[in-house]
Amino acid sequence: MVGVCFWVFNIIFMINSCFAKPKDCPEVCSCLGTYVDCGSNKFNTIPSNIPKWATHLNLQNNSIKKITDVNWKHFSELKELILNKNNIVSIPKDVLQYQTQLKILELNRNKLKVIDALTFKSLQHLSTLKLKRNQITELKDGAFYGLTRIDKLILDFNHLKVISKIWLYGLESLKELSISHNYINHIDLDAWEFCRTLFILDLSFNSLESVEADTFKNLGFLQKLSLNNNNITYIKDDAFAHLPRLKVLNLSNNKIWWTVEDANGVFQGLSDLVKFHLSGNKIKSINADAFVGLKNVTYLNLGNNNITSIQNNAFSEVPLLKNTNLYS
């Protein structure tokens, strides 16, 4: 019995030791290992007594307006910094110059309007940058220059109108770019010159009206492209020829009924495509040559159209097709 009590005591002691709050952990925050959680504390400024050993710092859901109120030099070990849901209006250049080990930076749901040149130039190890749901209208030339290891950049729900290489400069390692729910109405023809390794591109819920011959030039490694919920009415012949590795294409909820009803081979060049979404495009009929070149497509979504006519052999160019949604 004494032995049992001894082991129970030891287990309780170890549990308490593991979850005991470190002495230098801020009173209103919680700490576990090198993780420091100071979220949802109504902070107006960043606490100055954050432990220097912190590698992961959560400051989301506060009322922080400036990130210059603390000496970031003391927090050079940070690998993850979460500042979502605050009132931050700007990111001064070099403010995070000592965070050279930072890998994840989240600034979603703040009040950022402009990202200046070289804002993140010191964050050479950053792999993920999230700037979703701000009020960003402008990305200055070289806004992301210096992010030599960036994999993911999220800019959803902002007020951007143009995609240009001048703000994409330096993003050679980028794999995923999401700019959905903006006001994008123009893509410079050389926009992707510095983003040749992109795998995923989300441009859904914007204001694009056309896809030109070189709109996606230099994106030879792209595997997923979302263009749904734009105002696309025109697609140039061979517009997708620059995307030989594309696996998933979403063109739902646009105005491109003619690509299926009348055009011939608009989608040629997409020989690796597997999933194709064309729902909600007011398609009424399917031309026999509509899907020429789509030899590897297994899933085709044509739902939410008003298809009343399908020509003979309309799907003969899609020999691997297994799942077709025509009506719902």
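The values are calculated or read from the model by the stated rules, or taken from the named source; none is laboratory data. Predicted model, so just to flag it, every value in this text is computed and none were measured. No Cβ is skipped: glycine too gets one built from the backbone with ideal geometry, and neighbour counts run over all protein chains shown.
Is the range 52-74 home to any residue that is surrounded by 17 or more Cβ atoms within 10 Å (Cβ to Cβ), within 16 Å of the chain's Cα centre (by Cα), in the same structural domain as ASN182 (by TED's automatic domain parsing) and not charged (D, E, K, R)?
No: the range 52-74 contains no residue that is surrounded by 17 or more Cβ atoms within 10 Å (Cβ to Cβ), within 16 Å of the chain's Cα centre (by Cα), in the same structural domain as ASN182 (by TED's automatic domain parsing) and not charged (D, E, K, R).
If LEU326 passes every condition in (1) at negative phi; (2) of a type outside the set (S, T, N, Q); (3) buried (at least 18 other Cβ atoms within 10 Å of the Cβ); (4) under 31 Å from the mean Cα position of the chain (by Cα) but one, which one does it miss?
Of the numbered conditions (1) at negative phi; (2) of a type outside the set (S, T, N, Q); (3) buried (at least 18 other Cβ atoms within 10 Å of the Cβ); (4) under 31 Å from the mean Cα position of the chain (by Cα), the odd one out for LEU326 is (3).
Just one of the numbered conditions (1) under 20 Å from ASN253 (Cβ atoms); (2) among the small types (Gly, Ala, Ser); (3) touching a strand residue (DSSP E or B) at 6+ places or on another chain (Cβ under 6 Å) is not true of SER309; which one?
(1)
Give LYS113, LYS93 a once-over and let me know the one that is surrounded by fewer than 17 Cβ atoms within 10 Å (Cβ to Cβ), within 20 Å of the chain's Cα centre (by Cα) and closer than 27 Å to CYS195 by Cα. Walk me through how you get there before you give the answer.
Numbers: LYS93 fails: within 20 Å of the chain's Cα centre (by Cα).
Answer to the selection: LYS113.
With the checklist (1) within 26 Å of ASN182 (Cα to Cα); (2) surrounded by fewer than 18 Cβ atoms within 10 Å (Cβ to Cβ) in hand, flag the one item GLN124 doesn't pass.
The number of the failed condition is (1).
Listed here are the residues, each with its yes/no results for (1) surrounded by fewer than 22 Cβ atoms within 10 Å (Cβ to Cβ); (2) outside the structural domain of LEU168 (by TED's automatic domain parsing); (3) in contact with a Gly (Cβ under 9 Å, 6 or more places away or on another chain).
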position	(1), (2), (3)
GLU193	yes, no, no
ALA213	yes, yes, no
LYS217	yes, yes, no
GLN223	yes, yes, no
ASN231	yes, yes, no
PHE240	no, yes, yes
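So LEU273 passes all but one of these: (1) surrounded by 20 or more Cβ atoms within 10 Å (Cβ to Cβ); (2) under 20 Å from ILE307 (Cβ atoms). Which condition number does it fail?
(2)
Let me confirm something: among PHE194, PHE216, which residue is part of a loop (DSSP other than H, G, I, E, B), in contact with a helix residue (DSSP H, G or I) (Cβ under 8 Å, 6 or more places away or on another chain) and either of a type in the set (Ser, Thr, Tyr) or more than 21 Å from ASN108 (Cβ to Cβ) (or both)? Talk me through it step by step, then tell me what you get.
Details: PHE216 fails: in contact with a helix residue (DSSP H, G or I) (Cβ under 8 Å, 6 or more places away or on another chain).
Answer to the check: PHE194.
Collect the residues in the range 53-65 that are part of a loop (DSSP other than H, G, I, E, B) and either at pLDDT below 95 or more than 19 Å from SER122 (Cβ to Cβ) (or both), keeping them in residue-number order. Steps first, answer last, please.
If we filter the range 53-65 for residues that are part of a loop (DSSP other than H, G, I, E, B), which is where we start, we get 53-55, 59-65.
Of everything in the range 53-65, those that are part of a loop (DSSP other than H, G, I, E, B) and either at pLDDT below 95 or more than 19 Å from SER122 (Cβ to Cβ) (or both) turn out to be TRP53, LEU59, GLN60, ASN61, ASN62, SER63, ILE64, LYS65.
Kindly provide the set of residues from the range 63-82 that are farther than 14 Å from LYS93 by Cα and among the aliphatic types (A, V, I, L, M), ordered by number.
ILE64, VAL70, LEU78, LEU81, ILE82
Which residue out of SER180, SER252 is touching a residue at least 24 places away in the same chain (Cβ under 8 Å), of a type in the set (Ser, Thr, Tyr) and not assigned by TED's automatic domain parsing to the domain that holds ILE136? Spell out the reasoning first.
Working: SER180 fails: not assigned by TED's automatic domain parsing to the domain that holds ILE136.
It is SER252.
Taking strands (runs of 3 or more DSSP E) that do not extend beyond the range 234-328, which have at least 2 residues that are more than 20 Å from LEU222 (Cβ to Cβ)?
On the way: elements: 248-250, 275-277, 299-301, 323-325.
Passing ranges, in order: 323-325.
Results for (1) in a loop (DSSP other than H, G, I, E, B); (2) of a type outside the set (S, T, N, Q); (3) within 28 Å of LEU219 (Cα to Cα), shown as yes or no for each residue.
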position	(1), (2), (3)
THR68	yes, no, no
VAL95	yes, yes, no
LEU112	yes, yes, no
LEU118	yes, yes, yes
LYS121	yes, yes, yes
ARG133	yes, yes, yes
ASN158	yes, no, yes
GLY170	yes, yes, yes
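Listed here are the residues, each with its yes/no results for (1) surrounded by 16 or more Cβ atoms within 10 Å (Cβ to Cβ); (2) in the same structural domain as LEU222 (by TED's automatic domain parsing); (3) closer than 19 Å to ILE91 by Cβ.
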{"position": "LYS140", "(1), (2), (3)": "no, no, yes"}
{"position": "PHE157", "(1), (2), (3)": "yes, no, yes"}
{"position": "LEU160", "(1), (2), (3)": "yes, no, yes"}
{"position": "ILE163", "(1), (2), (3)": "yes, no, no"}
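What are the residue pairs meeting all of these: first residue in the range 29-51, first residue more than 19 Å from ASN84 (Cα to Cα), second residue surrounded by 14 or more Cβ atoms within 10 Å (Cβ to Cβ) and among the hydroxyl-bearing types (Ser, Thr, Tyr), Cβ atoms under 8 Å, and 6 or more apart or on different chains?
Going by the 8 Å Cβ cut-off, the qualifying pairs are THR34/THR55.
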